[in-house]
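Following: one structure in structure tokens, then a few remarks.
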Amino acid sequence: MLNSVFKIRLLPNDITFTCREGETILSAALRNNVKLPHGCTRGGCGICKIKVKGKVDFGLVSKNKLSDEEKENGFCLSCRAIPLEDVEISLIDGSPLEEEFDYRRYFNLIFGTKTAL
């Protein structure tokens, strides 16, 4: 699909934005001023893990940041995942994306720790 543009819908906020062919979900979100949580932007930290419904190319990711089981259950790293069709995404706990994002809470949710950032 040459020059395809896909729609990404963020739930439960009901925000829809576009993603260019070959563009990651995170890059598309940031380009559209949707501030998804992220850290290193290269798949090394896991902070950008989200739930995705629809086909994506997961990209190269470390299995300790995104396991095969997580992929099968609809998770991806937004900094590596490239949509192959229109997709719906949500934060891993299904909560709305807030204006002032609480990275400490999200970090604890992802990694199951009480580590301070």
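The values are calculated or read from the model by the stated rules, or taken from the named source; none is laboratory data. For clarity, every value in this text was computed on a predicted model and none was experimentally measured. Cβ sites come from the backbone with ideal geometry, for glycine too, and all protein chains shown count toward neighbours.
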Which ranges mark the strands (runs of 3 or more DSSP E) fully within region 1-90 that have 2 or more residues being of a type outside the set (Lys, Arg), out of contact with any Leu (no Cβ under 9 Å at 6 or more places or on another chain) and under 23 Å from Arg104 (Cβ atoms)?
-> none
Looking only at region 91-99, decide whether some residue is touching a Lys or Arg at 6+ places or on another chain (Cβ under 6 Å), of a type in the set (A, V, I, L, M) and either more than 16 Å from Pro12 (Cα to Cα) or modelled with pLDDT of 90 or more (or both).
-> no
Any idea how many residues of region 67-110 are of a type in the set (Phe, Trp, Tyr) and within 11 Å of the chain's Cα centre (by Cα)?
-> 1
Every residue from region 1-35 that is β-branched (Val, Ile, Thr) and under 16 Å from Gly54 (Cα atoms) = Val5, Ile8, Thr16, Thr18, Thr24, Ile25
